[in-house]
Amino acid sequence: MVRVTLDNISKFFGKVRAVVDLNLEIDDGEFVAFLGPSGCGKTTTLLMVAGIYRPSRGRILFDNEDVTDLPPKDRNIGMVFQSYALYPHMSVYDNIAFPLKLKKEPQREIDKKVREIARLLRIDELLDRKPAQLSGGQKQRVALGRALVKEPDVLLLDEPLSNLDAQLRILMRAEIKRLQKELRITTIYVTHDQVEAMTMADRIAVMNKGRLQQYADPQTLYNKPANIFVASFIGSPPMNLIEGELEAPDDNSVFFVSSGIKLKLPNVPPNVAKDGQREVVLGVRPEDLQMVGPGDADKEETLEGSIYVVEPLGKEFLINVQVGDHVLKMLVPADGMPEAGQRIRIRPNFSKIHLFDKKSQKALL
Amino acid sequence: MGRTGEDIRKRIARARLERMMVIAVVILVAVVPAIPIWLMYGWIISQSFSGKVILGILPTDLTLDNWRFLWSPIKMGEKEYPNIWPITINTLALALTVSGLVVFVSSLSGYALSRMEFKGRTALMQFIIALHAFPSVILLIALFVILNKLGLYGKGFVTLVGIALIKAGLEIPMATWIIKGFFDNIPWDLEWAALVDGASRWKVWRTVILPLVLPGIAAVSIFSFLSGWSEFLLVFTYVAQEEYYTLPVMIYYMIGEFIHIDWGMLAALGLFYAIPTLIFFSVSQKVLLRIYVGGVKG
Ligand SMILES: Nc1ncnc2c1ncn2[C@@H]1O[C@H](COP(=O)(O)OP(=O)(O)O)[C@@H](O)[C@H]1O
Ligand SMILES: [Mg+2]
């Protein structure tokens, strides 16, 4: 078990900048998720940690030891590939035993460990089969077994659940998390699914276009997204983002203005609106909007709109509200049936709104 | 939706008819052209075991006399030919050397071309294809000069080694190309997984890659063995002494014997010539069919 440090690493493939200046520290025994859309450099980063790719720039440290030039076989890493990469010509048993055979462990020891890990992952019935005779979920367990059997210092998982059906995914999610906590292996988990990352990881590194966007625990990512990308990527249904301007007509009030919208922001200090005016993006999560009656709130602190469409989610309704030129999504408890076309008044929870600078995309609050 | 029972029955009948037509086409294309070949094999077998042949077709007098070349010197008319066994060994040595060289070199070079990024890789691949366009007849004179310079000409067995080198050289480009195709089909993930599991590059090649390209290697070894076994031109041109002939050359000389030609023995000889080929083919064909890549296992 080691602490992994990525010290300003970059990876270029010709003109393609797959990973750019990535700095990251993964603590001993920590479960970190790399989260980002397809093509943002997650796999490339993982392969650099594994030693398959050599970083174009920067260093990789295991426990302060520079391993940048250490070949993969000497890094004691376990890895599950997205395709599982099981050896098709070997039985399940031989697949799992392969890393131990390479370590030249005694036959009895190998047999013991293989059966132990197979029991742990509940694949002990399948040891004689070939990979072609396994289902997706079974292959996934075998791949996990092969990665874990050599008791690696670092476990790397590249979208291990993306080829499974939804139900199995939820099951394996919990199982992998439990396994990781039990074995206390430093783990990097790559995914493009924010729910997976949020539910499993201790910390999440959000990436986009090869660059790290934010590195924090799930709650911080959710409550304090550092920029517009993180705000829009984390959370389902996604955050409402409205482009507009901040106006500070006097020293103690700030307004957000956009086409058809003028909203007073009571919690925002006026100095955020530089020179009394600034181009910003306002972010409000669907659950942070609520319907109010006509006399319930200061009119300047509410928005008026009409219901565009209602999506019942069982426990709640997701209501699309047309406000000015914008359609906002809001989550409301499922009582009564709001009707399309109905005019309503909504008020944001001002302690939970987000403001981003439009140019730098960075959070202002 | 308006689909009556009769309609469905009609459709089923039509589907059956179509299936039968498919079978008919397969028989027509795959089986019928093979009939003359099987007839010829049948003829050569019966011919080789019969003493007299009526009208060149009907065998009579079961005998092993035609196979006498296996245990006694071959005599046709006045001329006595070398014993068959050294000649067979020459042929086998040539074929196996060619096959071994081709498999060894092309499995490594195919891997390099498929997996490694280096300058001029594409140009090299195009060059390989172009190389294959040269028939060995064109190269005959140039090769002669080279063999002479290397001191490999007219040196008996050493000349055969030289021929094996040439033949292998001519076969390697295409074999490399074939094997490269098999390597291309192995996903990178598989190789990376083995590296992460703790294998060295060589070990990955031995334990993961090689078993997966075995069908390709089997194919290449069959083809190169056959081309070595049946090589005529190079041996005919460069080998001066009779005792270093190979089977195709000897058979050629014996067919050239106009007056005293012994058809029965030639048939037996032809059959004898085909035996190693059949054995080699049936052995490597098993491997050929055991294709793992793509999830099919043998
Ligand atoms: N071997 C390679 N050669 C060239 N470009 C590559 C290679 N591997 C990845 N890339 C590029 O690098 C970027 C990041 O890829 P990757 O790390 O696989 O993304 P992710 O795993 O996040 O989906 C992509 O634009 C991809 O096209
Ligand atoms: Mg990927």
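Just to verify a result, which residue in region A:138-192, among those that are charged (D, E, K, R) and within 14 Å of another protein chain (Cβ to nearest Cβ), is most open to solvent (accessible area, probe 1.4 Å)?
Among them, the one singled out is A:Glu151.
What are the residues in region B:146-180 that are at pLDDT 85 or above and β-branched (Val, Ile, Thr), if any?
Residues satisfying the conditions are B:Thr159, B:Val161, B:Ile163, B:Ile166, B:Ile172, B:Thr176, B:Ile178, B:Ile179.
Output the number of residues of region A:313-365 satisfying the condition of being among the charged types (D, E, K, R) and part of a strand (DSSP E or B).
The total comes to 7.
Between A:Tyr93, A:Tyr84, which is away from ligand 1 (no atom under 16 Å from the Cβ), of a type in the set (Phe, Trp, Tyr), touching a helix residue (DSSP H, G or I) at 6+ places or on another chain (Cβ under 7 Å) and in the same structural domain as A:Val154 (by TED's automatic domain parsing)?
Going through A:Tyr93, A:Tyr84 in turn, the sole match is A:Tyr93.
Could you list all residues from region A:121-179 that are aliphatic (A, V, I, L, M) and assigned to a loop (DSSP other than H, G, I, E, B)? Reasoning before the result, please.
Initial filter on region A:121-179 (aliphatic (A, V, I, L, M)): A:121, A:123, A:126-127, A:132, A:134, A:142-144, A:147-149, A:154-157, A:161, A:164, A:166, A:168, A:170-172, A:174, A:176, A:179.
Matches in region A:121-179: A:Leu121, A:Ile123, A:Leu126, A:Leu127, A:Leu134, A:Val149, A:Leu161, A:Leu164.
Scan region A:26-66 for residues that are more than 25 Å from A:Ser232 (Cβ to Cβ) and open to solvent by less than 10 Å² (accessible area, probe 1.4 Å) and jot them down.
Answer for region A:26-66, where residues must be more than 25 Å from A:Ser232 (Cβ to Cβ) and open to solvent by less than 10 Å² (accessible area, probe 1.4 Å): A:Ile26, A:Gly29, A:Leu47, A:Met48, A:Val49, A:Ala50, A:Pro55, A:Ile60.
Quick one: what pairs do we get from region A:335-347, first residue within 14 Å of A:Gly293 (Cβ to Cβ), second loosely packed, with under 10 Cβ neighbours inside 10 Å, C-beta under 8 Å, 6+ apart or different chains?
A:Arg345/A:Gly293; A:Arg345/A:Pro294
Looking only at residues in region A:33-59 that are within 16 Å of ligand 2 (Cβ to nearest atom) and assigned to a strand (DSSP E or B), which one is farthest from the other protein chains (Cβ to nearest Cβ)?
The initial filter retains those residues of region A:33-59 that are within 16 Å of ligand 2 (Cβ to nearest atom), namely A:33-50, A:52-53.
This time we only want the ones that are assigned to a strand (DSSP E or B), so: A:33-35.
Details: A:Ala33: 20, A:Phe34: 17, A:Leu35: 21 Å.
Step by step, filter region A:33-59, then rank; the result is A:Leu35.
Among the numbered criteria (1) over 15 Å from A:Ile188 (Cα atoms); (2) of a type outside the set (Val, Ile, Thr); (3) part of a loop (DSSP other than H, G, I, E, B); (4) away from ligand 2 (no atom under 16 Å from the Cβ), which one does A:Met1 miss?
(1)
Where in region B:181-275 are there helices (runs of 4 or more DSSP H), lying fully within it, with 1 or more residues that are away from every other protein chain (no Cβ under 14 Å) and out of contact with any Gly (no Cβ under 9 Å at 6 or more places or on another chain)?
It comes to B:210-229, B:233-238, B:247-255.
Considering (1) part of a loop (DSSP other than H, G, I, E, B); (2) free of Cβ contacts under 8 Å to residues at least 40 places away in the same chain; (3) within 15 Å of ligand 1 (Cβ to nearest atom), say which one A:Glu105 fails and leave the rest.
(3)
Go through region B:82-100 and give me each residue that's among the aliphatic types (A, V, I, L, M) and within 14 Å of B:Trp229 (Cα to Cα).
Of everything in region B:82-100, those that are among the aliphatic types (A, V, I, L, M) and within 14 Å of B:Trp229 (Cα to Cα) turn out to be B:Ile87, B:Ile89, B:Leu92, B:Ala93, B:Leu94, B:Ala95, B:Leu96, B:Val98.
Which is modelled with pLDDT of 80 or more, open to solvent by less than 80 Å² (accessible area, probe 1.4 Å), over 20 Å from B:Tyr252 (Cα atoms) and of a type in the set (Phe, Trp, Tyr), of B:Phe104, B:Phe49? Full working, then the answer.
Numbers: B:Phe104 fails: open to solvent by less than 80 Å² (accessible area, probe 1.4 Å).
The unique qualifying residue is B:Phe49.
Of all residues in region A:63-105, which are polar (S, T, N, Q) and at the interface with chain B (Cβ under 9 Å from one of its Cβ atoms)? Steps first, please.
Taking region A:63-105 as the starting set, the residues that turn out to be polar (S, T, N, Q) are A:64, A:68, A:76, A:82-83, A:91, A:95.
A:Asn76, A:Gln82, A:Ser83 - these are the residues of region A:63-105 that are polar (S, T, N, Q) and at the interface with chain B (Cβ under 9 Å from one of its Cβ atoms).
Report whether or not A:Arg184 is among the basic types (Lys, Arg), away from ligand 2 (no atom under 16 Å from the Cβ) and in contact with a Pro (Cβ under 8 Å, 6 or more places away or on another chain). I'd like the intermediate steps shown before the answer.
Values: among the basic types (Lys, Arg): yes; away from ligand 2 (no atom under 16 Å from the Cβ): yes; in contact with a Pro (Cβ under 8 Å, 6 or more places away or on another chain): no.
Here the answer is no, as A:Arg184 does not meet what is asked.
Looking at (1) part of a loop (DSSP other than H, G, I, E, B); (2) within 25 Å of the chain's Cα centre (by Cα), find the lone condition where A:Ala297 falls short.
Condition not satisfied by A:Ala297: (2).
What do you reckon, is A:Val20 among the hydrophobic types (A, V, I, L, M, F, W, C) and free of Cβ contacts under 8 Å to residues at least 40 places away in the same chain?
In short, no.
So, in region A:207-254, exactly how many residues are assigned to a strand (DSSP E or B) and open to solvent by less than 40 Å² (accessible area, probe 1.4 Å)?
So the answer is 12.
The values are calculated or read from the model by the stated rules, or taken from the named source; none is laboratory data. Source: prediction; values computed, not measured. Heads up, the Cβs are rebuilt from the backbone with ideal geometry, glycines too, and the neighbour counts pull from every protein chain shown. Note: accessible area is taken over every heavy atom of the protein model, side chains too, but ligands, DNA and RNA are not part of it. Shrake-Rupley method; radii C 1.70, N 1.55, O 1.52, S 1.80 Å.
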